[in-house]
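The structure appears below as structure tokens.
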Amino acid sequence: MVAQVVKKDGKTEPFQRLKIVKSCTAAGAPADVAASIADDIEKSARDQMPTSEIRAMVLEKLGKIRPEWAKNWEKYEQTKGKK
């Protein structure tokens, strides 16, 4: 069964690994690193997990590998009005 995540507005949707991969590659991570991060998070995802928690996990993993990738992600979010 696919875990459901809870978005900021309270809506739920299925966990989408591809969103993590796309976000990580947009931040500068190579595709293989992005896929590995997405795999790790997918394994630890639980039903009704808030997307804010997933975001924090991704930022932590990106930052440990290359801090500028985490900064790139945060800059991108600011341009989109997200946080």
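Annotations
- Lys64, Lys7, reordered so the largest accessible area comes first (probe 1.4 Å): Lys64, Lys7
- Accessible surface of the chain, 1.4 Å probe: 53 percent of it comes from carbon and sulfur atoms.
- For the chain, the longest principal axis of the C-alpha atoms and the axis of helix 67-80 are separated by about 60°.
- Ile54 - accessible surface, heavy atoms, 1.4 Å probe, Å² rounded to 10: 20
- Using the Cβ-Cβ distance between Arg46 and Leu18 with R0 set to 22 Å, the FRET efficiency works out to roughly 0.70.
- Its relative contact order, with pairs defined as Cα atoms under 8 Å and 6+ residues apart, puts the chain at 32 percent.
- Rounded to 10°, Cα long-axis angle of helix 17-26 versus longest principal axis of the chain: 20
- Structure remark: mean-square fluctuation, Gaussian network model of the chain, C-alpha springs under 10 Å; the largest value among Ala26, Ala35, Ala56 belongs to Ala56.
- Solvent-accessible surface of the stretch 16-83, taken per residue with a 1.4 Å probe and all protein chains present: 63 Å².
- Rounded to the nearest 10 degrees, the inclination of helix 51-65 to the longest alpha-carbon principal axis of the chain is 30 degrees.
- Mean residue ellipticity at 222 nm, helices only, the chain: -20500 deg cm²/dmol; runs of at least 4 DSSP H residues each add -39,500 (n - 2.57), and the sum is divided by the number of residues.
The values are calculated or read from the model by the stated rules, or taken from the named source; none is laboratory data. What you see is a predicted model; the values in this text were computed from it and never measured. Virtual Cβ from ideal backbone geometry, glycine too; neighbours counted across all protein chains shown. Side chains included, ligands, DNA and RNA excluded: accessible areas come from the protein's heavy atoms. Shrake-Rupley method; radii C 1.70, N 1.55, O 1.52, S 1.80 Å.
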